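The structure appears below as structure tokens.
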Amino acid sequence: MASEEFSGNYMEKARTSKGVSDFFPGRMTEFRRPAEGVFEFLTDNGVLLRVSLVGEGVVRFRFTPDGRFEDDFSYAVDPEHQPGTPEHEVVEFGDGVAIKTGSLSIRVNRGGLKTTVTDTKTGIILSQDEQGYHWQENKQYGGEIVKMSKVCRNGEHYYGLGDKSCDLNLRGRRFQMWGSDTYAYTPDTDPLYKNIPFYISLCKGAAHGIFFDNTFRTSFDLGAERPEVTSFFSQGGEMDYYFIHGPEPLDVIRRYTRLTGLVSMPALWTLGYHQCKWSYYPEAVVRGIADGFRSRRIPCDALYLDIDYMDGYRCFTWDAERFPNPKKMVAELEEDGFKTVAIIDPGLKIDPNYPIWQEAYDKGYFCRRQDGSLFKGSVWPGLCHFPDFTNPEVRDWWAGLFHGLIAETGVRGIWNDMNEPAVFEEGTFPRDVRHDYDGHPCSHRKAHNVYGMQMVRATQEGLRRNSNGRRTFSITRSAYAGTQRFACAWTGDNVASWEHLSIANLQCQRLASCGMSFIGSDVGGFIETPTAELYLRWIQLAVFHPFFRTHSSGDHGDQEPWSFDKKTTGLVRDAIELRYQLLPTVYTTFRQYVRDGTPMLRSLPFVDFNNPDAYWRSAEFFFGDHLYVVPIMAEGEEGRFLYLPKGDWFAYHDDSHPKAVAKDIWIECPLDRIPVFVRSGAIIPHWPVQQYVGEIEHPEPELRIWTKLGSETSEWYEDEGDGQAWRDGGFRESKINLQGDKGSLSLHREWHGHWEPGYETVHLTFCGIDSDAPDLKVLIDHHEQRAVRGDDGRYRVNTHRNFYSVNLEWTPVKAPKRKAGEKKSQPEK
Ligand code: GLC
């Protein structure tokens, strides 16, 4: 009998242990084409395989052992994803059938329905079944344990799988998906909070992805049990997976993200800095924190209320003593530039005097056990019942509960926690708990991994209904594939340790590669207290995490930016200010994620994919197109070796221009510095520092422009920062091309969208110019101006908001030759 916990070598055990037998498809007896782009293969023992072409480069494989599929229903696949069927042809040959599209050839073998996917342009086999599809009867629960094994190729590496806390490269490991409340997890803890059964394979520069759309407890073995085999298997449901072609890794991620859902533009304030603690109360403490930011001039956009704002942890209530007038408090915070975000958990306290519990009870909205009794479990409020968020009627009711918090009180964001779901006694619900699953009744075995997603889906709907057209903000701890459509996420209960700083870096990159770019960690660590240095380095990393929030459990000391020494406060302020300066860049990068599904954080192996040296690197990552971030993750580290990828790079802070590429170089990184490099030719939009988004009505942007020998394109996205006009062209999306040569550069800008900026002036700053002239001639839209050199060696000039061309010329100064005996600045490795 297969264990629910999957301990040990499950695949192998299943093949060898007594009483357990695997079944395999027999010989193909029929091939049919029931619809355009859909192909079915039937075997002599009743197995049915359906192959569907789901847009360019995406192929769905669905197997059933008895000739009938379940209802075609998925929480992950975005209903709005309706790609056309790509052109294709079908070739039948002795041994099987081949379906050929412009880029792929999918072969299905007559003996056993084994499949092979080949890149038709390169002729390289990308995916090849080993044992292929097979299954085992699940005698305990019914249905089948479904399995797929594929050849793990020489030189093949794996990435993705959601929030795993180990190094990025997953080759040689095994993982599970079963959302779990994992307080103080470690790099070995698995599973964690989120369930994203999607991995990216990278082999000698060619990438593809596998998305196994199965919500039962699933496992992935990436060459752990047998180095030459990769398998994925699940305790129930169907073998239903998507092959997602690249050939580049970022293409795979884009396609996966489009399949499971593109996101909407966030309100700009959500990209500012957020401050949270378990818990800030009473009201005077919250106001004190707000004052703490403004009086010290540390920018901040959002303050959080954790569970102690409620009356006895009853969701949608307020503790009247601690918060006698929440509406007034929230309004006054808002006047001061702070948005209030409040937590809402799934468990509703069993209390007949609590109207929300009573209503859900009366309407039959709580989850029941198999024999009909209500499921009870303890969480913060004590014994609770839990709404069945997989029931659309329950979600609709839940969405309706937010009127008070959002429309009446003015709360601007909702934070959903404990939605794995977490229960104190047993960790989660018993397996027999019943769920509606949108009209496909099932047990918790099937619904567990989507429970949190459906909760935050209902929450987001509640926000939408009450936000008057404003963009909504919701946060979730648990997730299934596709949850990005409904919420941003954080990585759960981490620890204030250097190891966890590095885990935060890994998890955020990894989640970004799984469609969830709007991600962050509890900065500084949730459990225990960071040292000043750790807190600072964490803040410096999180400047480049889309969701930027300090959170701590609060029982170990304070964790506000000023809770350490004076010097640290100053350096933390500098880092947060940098985030506010970079907001237009963060926003532009977010826009690419919204538009194309391109991840905001791009792991090195996905960009430098032709270089196998990069495949095992985890620390360095790209933020957007042009920034390369090298976080400092060790105590006392004031310099480090780093890997500089192919290309030409400038240090962001001083325009120094390291020459070494694709190998380790040494950089200094004193406490006040975040090692960040800019691609040459990049144009990085900045804003002046604000204490919160909207403090300056129409901030004048500064475009920092780095030189290049050659050409580079940069994007710059702007809109009103909130509201829905962006959906209908209410934005300005500029593409700026730079052409550079020795002693000259020219910019050409084009834009589309009908949003008109409220500012008049754009500040241009030219960086990395090898001239020492006090000023330089610039032609802006063919009018001559002077760009003036600052002490930092950068040349500055102002222009108007609609500029479209810039030409700059200078006479390069010769770099002084190094004198004999003079030392290189880099120490030897
Ligand atoms: C959970 C959350 C944490 C929150 C706490 C109290 O541990 O992960 O962020 O502060 O519950 O609500």
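The numbers here are math on the coordinates, done by the rules we state, and not lab data. Just so we're clear, the structure is a prediction, and the values are computed from it rather than from any experiment. Using ideal geometry, Cβ is built from the backbone for each residue, glycine included, and neighbour counts are taken over all protein chains shown.
Descriptive notes on the structure:
- Cα centroids of region 513-544 and region 218-293: 15 Å apart.
- Whether the chain is rounded, prolate or oblate, judged on the alpha carbon gyration tensor where a/c under 1.5 counts as rounded: oblate
- Region 443-593 - percent relative contact order, Cα under 8 Å, separation 6 or more: 17
- Subtracting the Cα-Cα distance of ALA773 and GLU137 from 0.36 nm times their residue separation leaves 221.1 nm of extension gain.
- GluC sites (Glu not before Pro) restricted to DSSP loop in region 418-495 with at most 12 other C-beta within 10 Å: GLU425, GLU426
- In range of the label at SER378: residues from region 347-371 whose backbone nitrogen is under 18 Å from the point 7 Å along Cα→Cβ: 347-351
- MET239 long-range amide H proximity, modeled H, under 5 Å: PHE63
- Point-to-point label distance, GLN739-TYR361, nm (Cα→Cβ direction, 7 Å offset): 7.5
- Sorted by Cβ neighbour density within 10 Å, fewest at the top, the residues ILE406, ILE356: ILE356, ILE406
- Near ILE210, once Lys and Arg are set to +1 and Asp and Glu to -1 for all other residues with Cβ below 13 Å from its Cβ, the sum equals -2.
- Restraint check, LYS339/LYS567; LYS659/LYS742; LYS114/LYS147, Cα-Cα greater than 24 Å: LYS339/LYS567
- Straightening the chain between GLU668 and SER21 buys 227.0 nm, computed as 0.36 nm per residue apart minus the Cα-Cα spacing.
- Charging the Cβ of each Asp and Glu at -1 and of each Lys and Arg at +1, and nothing else, the dipole of the chain about its Cα centre rounds to 1680 debye.
- Cα gyration tensor, region 649-791 - rounded (a/c under 1.5), prolate or oblate: prolate
- Near ALA331: Cβ cut-off under 15 Å, other residues only, Lys/Arg at +1 and Asp/Glu at -1. The net charge is -1.
- Shown in residue order for region 433-445 are the 3J(HN,Hα) couplings computed by the Karplus curve 6.51 cos²θ - 1.76 cosθ + 1.60 at θ = phi - 60°: 4, 8, 9, 7, 6, 6, x, 10, x, 7, 8, 5, 4 Hz (x for Gly and Pro).
- Burial order of peptide ranges 794-807, 712-725, 359-372, 519-532 (average beta-carbon count within 10 Å, highest first): 519-532, 712-725, 794-807, 359-372
- Of the residues ALA479, ALA224, TYR242, the one whose Cα sits farthest toward the positive end of the charge dipole of the chain, with +1 on the Cβ of Lys and Arg and -1 on the Cβ of Asp and Glu, is ALA224.
- Paramagnetic reach from ASP791 in region 665-689 [backbone N under 20 Å; point 7 Å along Cα→Cβ]: 672-673, 689
- Per-residue ³J(HN,Hα) for region 705-711, Karplus 6.51 cos²θ - 1.76 cosθ + 1.60, θ = phi - 60°, Hz, x for Gly and Pro: 10, 9, 6, 6, 8, x, 10
- By the count of other C-beta atoms within 10 Å, a proxy for reagent exposure, LYS100, LYS708, LYS139, LYS194 are ordered fewest to most as LYS139, LYS100, LYS708, LYS194.
- Computed about its Cα centre, the charge dipole of region 448-535 is approximately 720 debye, with only Lys, Arg, Asp and Glu carrying charge at their Cβ.
- Between GLU30 and ASN45, the simple spin-label model (points 7 angstrom out along Cα→Cβ) gives 1.9 nm.
- Approximate spin-label separation THR713-ASP188, in nm, with each point projected 7 Å along Cα-to-Cβ: 4.9
- For PRO34, neighbours were defined as the other residues whose beta-carbon sits under 9 Å from its Cβ, and their charges (Lys and Arg +1, Asp and Glu -1) total +2.
- Top positive-direction residue, dipole computed over the chain with Cβ charges, set HIS748, GLY520, TYR580: HIS748
- Ranked by how many other beta carbons lie within 10 Å on average, peptides 374-386, 167-179, 264-276 from highest: 264-276, 167-179, 374-386
- The length gained on full extension between ASP72 and ARG297, counted as 0.36 nm times the residue separation minus their Cα-Cα distance, comes to 75.6 nm.
- Only Lys, Arg (+1) and Asp, Glu (-1) charged, at Cβ; region 599-728 dipole about Cα centre in debye: 780
- Among THR215, THR811, THR317, THR409, the ranking by other beta carbons within 10 Å of each residue's beta carbon, starting with the fewest, stands as THR811, THR317, THR409, THR215.
- Under 5 Å from the amide H of SER378 lie the amide H atoms of CYS384, PHE424, GLU425, each residue being 5 or more positions distant or on a separate chain, with H modelled from the backbone and absent for Pro and chain starts.
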